[in-house]
Amino acid sequence: MNLCDLFDLSLKGRRDVVALEFRGRAWTFGEVDARSNRLALLLQQKGLAAGDRLCVYLANSPEMIELYIACVKLGVIFVPINILYRDREISHILHDADPKALVTDSEVATALPVWAPAELTREAEAMEDRRPEVDLDGDAPAGIIYTSGTTGTSKGAVLSHNNFAANAVNLLACWRITSEDRFLLALPLFHVHGLGNGLHCWLISGCRMRLLERFEHQSAAETFCEFRPTLFFGVPTVYVRLLDIPADKAREIGSFMRLFVSGSAPLAAQVMEDFRALYGHTILERYGMSETLMNISNPYEGERRPGTVGLPLPGISVRLLNAQHEPVAEGETGEVYLRGPNVFMGYWRREDATREAFVDGYFRTGDIATRSKDGYYTLSGRRSDLIISGGFNIYPREIEEFLSEQPEIEEAAVAAQADRVRGEVPVAYVVPAAGYDAAVIEARCREKLASFKIPREFICIEKLPRNALGKVQKHLLKKPA
Ligand code: MLC
């Protein structure tokens, strides 16, 4: 089977049922099917074929969903780009993914054909409502998700139809998602949380989904009370924001909700407890990655243990290994290695990086964890200095490279600072050169980097603390007194 066969449970099996709501408009599954059929034929007419890449730089919208389904039907590889990315970050992906075209509403400097989504939709109206004939098996790539790379520039994780299918089928079963659910999706569709979990669980279960362009805490209570969802996925920042909703509204929301899921960053046990007191629900925390989709999850029935990410999902083997790749003893910390039908095909055109990412067929996550006697995993750190802010991954190296390119900076190091709402935020430690002005540097960052990567503070220091090998010792970075 490929993803189309699973999507057809709803696209064909529930064609007259309302599928999607967005900004006061609604579409049935039959309409979503027809619109994506027409779009698929249009993309085909424009020269796209199975295996080609299509880059998409769009905010959440029905058009983005239809484009994804059209790509799946055609076998075209969908490459979403984070809408917060700026030119420098976008051009790396456009160059690396080597797509046939880019779909966007924004001004992007590129020599590629650029198509506006509204224009495509209009042109597609003239096409037939017919599925393109394409022979795809489950190992065909469906998407490339760019992850912030440890080496500064990001790498594309290639995810197959089978990866997305295995992930969604697991979540439907383990989180008991059915066509009876009402699903509120506020997460961006350019990451696996929104795309792999959100879109796929909606489309395969056949439930009704209200899509938001983005999560807005100011209007969250109103949106919940109006749509009355049963199912919601969020990153910890979203749950911290939801703690600000008045108690009576929170109780009302708790009365119709069935399941709140959290992931993409660690959920503080205190937030989980405060949320339970306010909403009467225990958030279900799970663990995943762009390269693997979902791996470990707290149980739907049974104990959702605060501070842990729960038990391996069906079909997924987990190993905790030490630096010599040997299993660690019970209760000791080790690095998480994974194998399963959810694990990606490799990094796009990066055989070296792909080879390095696997040991004995197990994917090396870079996350450090312990396992309790009864099988619950607790993540306790990372091998790399990755920063997670509001659920967005930031590799300090990328910001450090940009800062070092500035003539007024001799050298720089970027580290995480704890933040109540975002979990972590990046701060920069800068060794200034002549003419240094923090405001000017910040403005340049704002122009070139996604907003979540802009250091919240620029701290001047005399020199970076280094060990005997010359490696920067980030744990020694401190604000001067
Ligand atoms: C945030 N911003 C957005 C945006 N999200 N802008 C446009 N579209 C979006 N979707 C910008 C804002 O403009 C602002 O920029 C800054 O981010 C903070 O916004 P805020 O209004 O203060 O939002 P806040 O309440 O802090 O909430 C932020 C958030 C966002 C939670 C909505 O961080 C978010 O959507 N996070 C989800 C990330 C995600 O999906 N990660 C999954 C990765 S997959 P400025 O310039 O004013 O600062 C993965 C694997 C797995 O990790 O296991 O899931």
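The values are calculated or read from the model by the stated rules, or taken from the named source; none is laboratory data. Values in this document were obtained by computation on a predicted structure and should not be read as measured data. Because the Cβ atoms are built from the backbone with ideal geometry, glycine has one as well, and the counts that use them run over all protein chains shown. The area values use the complete protein model at the heavy-atom level, side chains included, leaving out ligands, DNA and RNA. Shrake-Rupley method; radii C 1.70, N 1.55, O 1.52, S 1.80 Å.
Take the Cβ atoms of H325 and L112, set R0 to 35 Å, and the FRET efficiency comes out at 0.25.
Largest first, how would E63, E330 line up by accessible area (1.4 Å probe)?
Values: E63 60, E330 115 Å².
Listed by decreasing accessible area, they come as E330, E63.
Relative contact order (percent) for segment 215-382, with alpha-carbon contacts under 8 angstrom and 6 or more residues of separation? Before the final figure, lay out each step's value.
Numbers: 293 pairs, mean separation 25.3, N = 168.
Reported relative contact order: 15 percent.
In the complete set of protein chains, residue-level accessible area for Y287 is approximately 10 Å², probe 1.4 angstrom. Only lysine pairs 8 or more places apart, or on different chains, with alpha-carbon atoms under 21 angstrom apart are counted in the chain, and they number 15. Reported to the nearest whole Å, the Cα centre-to-centre distance from segment 372-419 to segment 18-89 is 32.
Once you charge only the Cβ atoms, +1 for Lys and Arg and -1 for Asp and Glu, what is the size of the charge dipole of the chain about its Cα centre, to the nearest 20 debye? Provide the component values of the computation, followed by the final result.
Values: 55 positive and 64 negative charges, 139 e Å.
Taking the Cα centre of the chain as origin, the dipole is about 660 debye.
Near A247, once Lys and Arg are set to +1 and Asp and Glu to -1 for all other residues with Cβ below 14 Å from its Cβ, the sum equals -1.
What percentage of the solvent-accessible surface of the chain, computed with a 1.4 Å probe over protein heavy atoms, is contributed by carbon and sulfur atoms?
Numbers: 9780 of 20260 Å².
Heavy-atom surface of the chain belonging to carbon and sulfur, 1.4 Å probe: 48 percent.
Each of S255 and V18 was given a label point 7 Å from its Cα along the Cα-to-Cβ line. The distance between the two points is 2.1 nm. Comparing S404, P132, P306 along the charge dipole axis of the chain, the residue lying farthest to the positive side is P306, per the Cβ-charge model. With both residues required to sit in the chain, DSSP beta bridges show an antiparallel share near 65%. Neighbours of R23, meaning other residues whose beta-carbon lies under 11 angstrom from its beta-carbon, give a summed charge of 0 when Lys and Arg score +1 and Asp and Glu score -1.
Calculated FRET efficiency, A433 to E332, Cβ-Cβ distance, R0 = 45 Å: about 0.50 to the nearest 0.05. Expressed per residue, the C-alpha convex hull volume of the chain stands at 157 Å³. For the chain, what does the relative contact order come out to in percent, with C-alpha contacts under 8 Å and a separation of six or more? It comes to 12 percent, rounded to a whole number. Shape summary: segment 215-382 maps onto an equivalent ellipsoid whose semi-axes, from the alpha-carbon gyration tensor, are 34, 18, 13 Å in decreasing order.
Would you mind counting up the charge near L338? Only other residues with Cβ under 12 Å from its Cβ, with Lys and Arg at +1 and Asp and Glu at -1.
Details: positive: R319, R339, R364; negative: E291, E335, D360, D367.
Result for the local shell: -1.
Calculated mean residue ellipticity, 222 nm, the chain: -8500 deg cm²/dmol, from DSSP H runs (n ≥ 4) at -39500 (n - 2.57) each, averaged per residue and rounded to 500.
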